[in-house]
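One structure below.
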Amino acid sequence: QVQLVESGGGLVQPGGSLRLSCAASGIILSSSAMGWFRQAPGKKCELVADITRTGSTNYADSVKGRFTISRDNAKSTVYLQMNSLKFEDTAVYYCNVVSGKYSYWGQGTQVTVSS
């Protein structure tokens, strides 16, 4: 059974940083593509960043230069380092893993940027 557990969310002031983690079990992470999505209240879920099996990364324009996605296959974990956070980054962040034709989601972690 595949399980994704996110952590690291919380309340942060504008300009601050957070690092999200997504620990995976029941899946071989090294053969999977992974990504972070987010959904703000009243808005559609959007891709924030993703990373392929080979380590290539892709970012939403709104987070380029501020967020960094990385993976540690040995720890079966994917990270999202978020710097220079803005009010508009407030959302529930979800981890996603794609393995073959299957897609798996974590339960989400809340990130709130507020002064």
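Listing for the model above:
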quantity: Residue in region 43-57 that is modelled with the highest pLDDT, counting only those that are more than 18 Å from residue 108 (Cα to Cα) and assigned to a loop (DSSP other than H, G, I, E, B); calculated: 56
quantity: Which numbered condition residue 71 fails, given (1) modelled with pLDDT under 95; (2) surrounded by fewer than 17 Cβ atoms within 10 Å (Cβ to Cβ); calculated: (2)
quantity: Every residue from region 1-42 that is assigned to a loop (DSSP other than H, G, I, E, B), over 19 Å from residue 107 (Cβ atoms) and either of a type in the set (D, E, K, R) or in contact (Cβ under 8 Å) with a residue 60 or more places away in the chain (or both); calculated: 13, 14, 15, 16, 17, 28
quantity: Condition check for residue 53: under 11 Å from the mean Cα position of the chain (by Cα) and open to solvent by 60 Å² or more (accessible area, probe 1.4 Å); calculated: no
quantity: Residue tally, condition open to solvent by less than 50 Å² (accessible area, probe 1.4 Å) and in contact with a helix residue (DSSP H, G or I) (Cβ under 8 Å, 6 or more places away or on another chain), over region 12-34; calculated: 2
quantity: Those strands (runs of 3 or more DSSP E) lying entirely in region 66-111 with at least 2 residues out of contact with any Lys or Arg (no Cβ under 9 Å at 6 or more places or on another chain) and touching a residue at least 12 places away in the same chain (Cβ under 8 Å); calculated: 67-72, 91-99, 102-105
quantity: Qualifying residue in region 35-43 (condition: open to solvent by 60 Å² or more (accessible area, probe 1.4 Å) and within 17 Å of residue 114 (Cα to Cα)); calculated: yes
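The values are calculated or read from the model by the stated rules, or taken from the named source; none is laboratory data. This is a predicted model, so every value here is computed, not measured. Backbone-built Cβ (ideal geometry, glycine too); neighbour counts: all protein chains shown. Side chains included, ligands, DNA and RNA excluded: accessible areas come from the protein's heavy atoms. Shrake-Rupley method; radii C 1.70, N 1.55, O 1.52, S 1.80 Å.
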